[in-house]
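Rule-based calculations on the coordinates, nothing more; no lab input. Here the structure is a predicted model, which is why all the values come from computation and not from measurement. Ideal geometry is used to build each Cβ from the backbone, glycine not excepted, and the neighbour counts take in all protein chains shown.
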Amino acid sequence: MSRSTEVKAVAQEIVKVIPQVMRTIGAERHFSGHTMSPAHSRLLTILASHPCNLSELAVRHAVSLPTMSNSISVLVERGWVNRVPSPDDRRQVLLELTPDGRAVLVEIKSRAEARVAGVLGKLSSDDLASLSAGLAVLEQAFTFAMCSRPHGHVLDKVKRVSRE
């Protein structure tokens with residue numbers, strides 16, 4: 001098998017498996033009692049690591065500012081996100097996770113991890129070790145891909161938008 005054929009076959013497997021994993025994780029979001037879209041879950045995850053402005057989030061999600069504003073409004077109404085003035089520039093508004101938002105995120109993440117662990121618990125120790133090694137390689141490949149895009153890294157675009 002040629003290298004390009006091998007790469008294509010692995011890419012096809014990833015594209016086939018990842019949606020199955022995401023559906024399993026999404027089902028736990030649904031059963032947790034916290035109705036939210038995958039996009040809302042991703043926003044909470046981003047804001048859990050650090051506050052962001054609306055433009056940064058819109059660029060990271062490749063959506064318009066009005067679309068992102070609508071999503072954030074839903075999260076603010078639910079009490080999961082706060083709008084706060086930036087300490088560096090009072091004209092700028094930052095979005096940050098509230099304690100309730102953090103608790104929801106922890107609950108959803110815990111439920112998803114438990115569900116995935118239940119599925120993985122049926123694997124042999126050797127299969128788990130292989131999967132773990134493969135996931136480390138996958139993460140490394142995609143981390144590298146995000147940092148070496150020919151049109152610039154998404155965070156470079158975020159910086160550019162937030163300066164405008």
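Here is how the numbers come out for the structure above:
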item	result
Global form of the chain, assessed from the alpha-carbon gyration tensor, a/c cut-off 1.5	oblate
Under the Debye formula (equal points on every Cα, no solvent term), log10 I(q)/I(0) of the stretch 1-75 at q = 0.11, 0.19 Å⁻¹	-0.44, -0.87
Dipole-positive endmost among Ile108, Ser73, Met36 within the chain (Cβ charges, Cα centre)	Ser73
Theoretical FRET efficiency, 1/(1+(r/R0)^6), r = Cβ-Cβ of Glu13 and Arg78, R0 30 Å, to 0.05	0.20
Burial ordering of Val81, Val106, fewest other beta-carbon atoms within 10 Å first	Val106, Val81
The stretch 43-128 shape via C-alpha gyration tensor axes, a/c threshold 1.5	prolate
Which of His40, His50, His61 has the fewest Cβ neighbours within 10 Å, and the rest in rising order	His50, His61, His40
Length-normalised contact order for the stretch 45-149 - Cα pairs under 8 Å, 6+ apart - percent	22 percent
